[in-house]
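A.B. asks: Below: one structure in structure tokens.
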Amino acid sequence: MSISKFTDIISLSNAEISEAIIETENKLFNLRFKKATRQNFKSHEIKQTKRRLAQLKTLGTIRLQNSKQK
């Protein structure tokens, strides 16, 4: 997984954003679990996953605010 760009996720619908947030949170949990149990994992994936989660949540918040203003 390469570093995701914010422009890549703008085209997602609200339902897809919600699903992606859930999937990303699960992936982050699994990565943290692997770290805690000293299993093999790529450490840079934690940073990338946290960044993607932040991007998805930001986009979700922006769309929620825009829908309230209309």
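A.B. asks: Give the residues of segment 1-50 that are of a type in the set (Gly, Ala, Ser), assigned to a helix (DSSP H, G or I) and surrounded by fewer than 13 Cβ atoms within 10 Å (Cβ to Cβ), sorted by residue number.
C.D. replies: ALA15, ALA36
A.B. asks: A further question follows. Looking at SER2 and the list (1) hydroxyl-bearing (Ser, Thr, Tyr); (2) modelled with pLDDT of 95 or more; (3) out of contact with any Lys or Arg (no Cβ under 6 Å at 6 or more places or on another chain), which single condition is not satisfied?
C.D. replies: (2)
A.B. asks: Report every pair of residues separated by at least 6 positions or lying on different chains whose Cβ atoms are under 9 Å apart, first residue within segment 46-70 and within 16 Å of THR7 (Cβ to Cβ), second aromatic (Phe, Trp, Tyr).
C.D. replies: GLN55/PHE6; THR58/PHE6; LEU59/PHE6
A.B. asks: Let me ask another. It is to be established whether one or more residues within segment 47-60 are more than 13 Å from the chain's Cα centre (by Cα) and not acidic (Asp, Glu).
C.D. replies: No, there is no match, as no residue in segment 47-60 is more than 13 Å from the chain's Cα centre (by Cα) and not acidic (Asp, Glu).
A.B. asks: Shifting gears a bit: Got a number for residues in segment 20-70 being of a type in the set (Val, Ile, Thr) and on the phi > 0 side of the Ramachandran plot?
C.D. replies: Within segment 20-70, residues that are of a type in the set (Val, Ile, Thr) and on the phi > 0 side of the Ramachandran plot number 0.
The values are calculated or read from the model by the stated rules, or taken from the named source; none is laboratory data. Since the structure is predicted, the reported quantities are computational estimates derived from the model, not experimental observations. Neighbour counts run over all protein chains shown; Cβ positions are idealised from the backbone, glycine included.
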